[in-house]
Amino acid sequence: MVMTNLTTDDASPALTDRLRSASVEAGLGLQVADVRPGQVDLNVLIRPGYVAADGRLSPVVAGIVADATVGIPAFAPASEPQSGVTVELRLDHVGGPAPTARRLEITGRVLGLGGETATGRAEIRDDLGTLVAHAVGLLAVDRPGTGLDPAATSDPLAPFDPTKIAPAPQGDGTAYANISPGMLNRRGTVHGGVLMGLAGEAQELFLGSHRGGHRLQLSMNYLRPASAGGRLILRSEFVRRGRRVCAVRTELLDINGKLVAVAHGTSAPPVDHDR
């Protein structure tokens, strides 16, 4: 997540304009409901493809919502211009939206804001009040004079469809994902929520080749930016295969083989009705 500061008086309109001009957030359909010091309320209509076959949010939608909402309230408002990036992000899948739900309602709150780091949390519910997911993130605050790429912020809006962002399986726990302009943030690198979504999708592919599983939790450690162009390599392996929980580790590497991020996922094994 890339964040910039908002002043108290114009926080809501400024954030609305910012989301509309960001490919990932605009493509997802994130809208501002309210902004106040230390908290932001967003919502998004539940479109076809936003809910996976298991009834929970798709990994890409969940990852983008979590990454965006955890970061924004840390700098809304701030007294001095600031920006930052996500360093760690954990997403707990609680359940799926109600079948009759029409939108997601997300509340992000800042938990702590220091000189070089910030922490935030987000609760994702549907419009009927059902808790869908919970996220907590750690962010690194940029030093003054660093942060956003002016060239990236002035680029025209690139098309983004979260239902079409998915890695292609290659066997042996490996998948690939091409990087398109719509995946980029204001720094010109792949959006942190997209990386989390791709990791979640890769783990679902991996688990699907081993009789599947029920998503519980996914945590990300972001190590370096993923640049525009080329593709990402996603390699998954079991860390634990127990009767009650399975743990999967996924490495995300750039085209040069450099480690971009590491994801750790926990899932419940499928129910064996023959036992």
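One table, with the values for the structure above:
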quantity	calculated
Highest-fluctuation residue, V44, V60, V194 considered, GNM on the chain with Cα pairs under 10 Å	V44
Nearest-10 value in Å² for the accessible area of V239, using the 1.4 Å probe	100
C-alpha long axis of helix 192-208 to longest principal axis of the chain, angle in °	10
Per-residue HN-Hα couplings for the range 105-118 [Karplus 6.51, -1.76, 1.60; θ = phi - 60°; Hz; x = Gly/Pro]	10, 10, 10, x, 10, 7, 9, x, 9, x, x, 10, 9, 9
Whole-number percent relative contact order across the chain, with pairs defined as alpha carbons under 8 Å at least 6 apart	18
Distance in nm between pseudo-label sites at L111 and N256 (7 Å out along the Cβ direction from Cα)	3.4
Alpha-carbon centroids, the range 237-253 and the range 166-202: separation in whole Å	19
Inter-label distance, nm, simple model (7 Å from Cα along the C-beta direction), H210/Y176	2.4
Selection of trypsin sites (Lys or Arg not before Pro), the range 41-128, meeting DSSP coil and at most 15 other Cβ within 10 Å	R102
Estimated distance in nm for a label pair at L131 and A33, the labels positioned 7 Å out from Cα along Cα-to-Cβ	1.6
Selection from G137, G188, L42 lying farthest towards where the dipole of the chain points positive, charges on Cβ	G137
Qualifying trypsin sites (Lys or Arg not before Pro) in the range 166-221, DSSP loop, other Cβ atoms within 10 Å at most 16	R211
Largest to smallest accessible area among H134, H191 [probe 1.4 Å]	H134, H191
Cα-based convex hull, the chain, per residue volume (Å³, whole number)	125
Cα long-axis angle, helix 59-71 against the chain (0 to 90 degrees, to the nearest 10)	30
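The values are calculated or read from the model by the stated rules, or taken from the named source; none is laboratory data. Computed from a predicted structure; not experimentally measured. Quick reminder, even Gly has a Cβ in these numbers, built from the backbone with ideal geometry, and neighbours come from all protein chains shown. The area values use the complete protein model at the heavy-atom level, side chains included, leaving out ligands, DNA and RNA. Shrake-Rupley method; radii C 1.70, N 1.55, O 1.52, S 1.80 Å.
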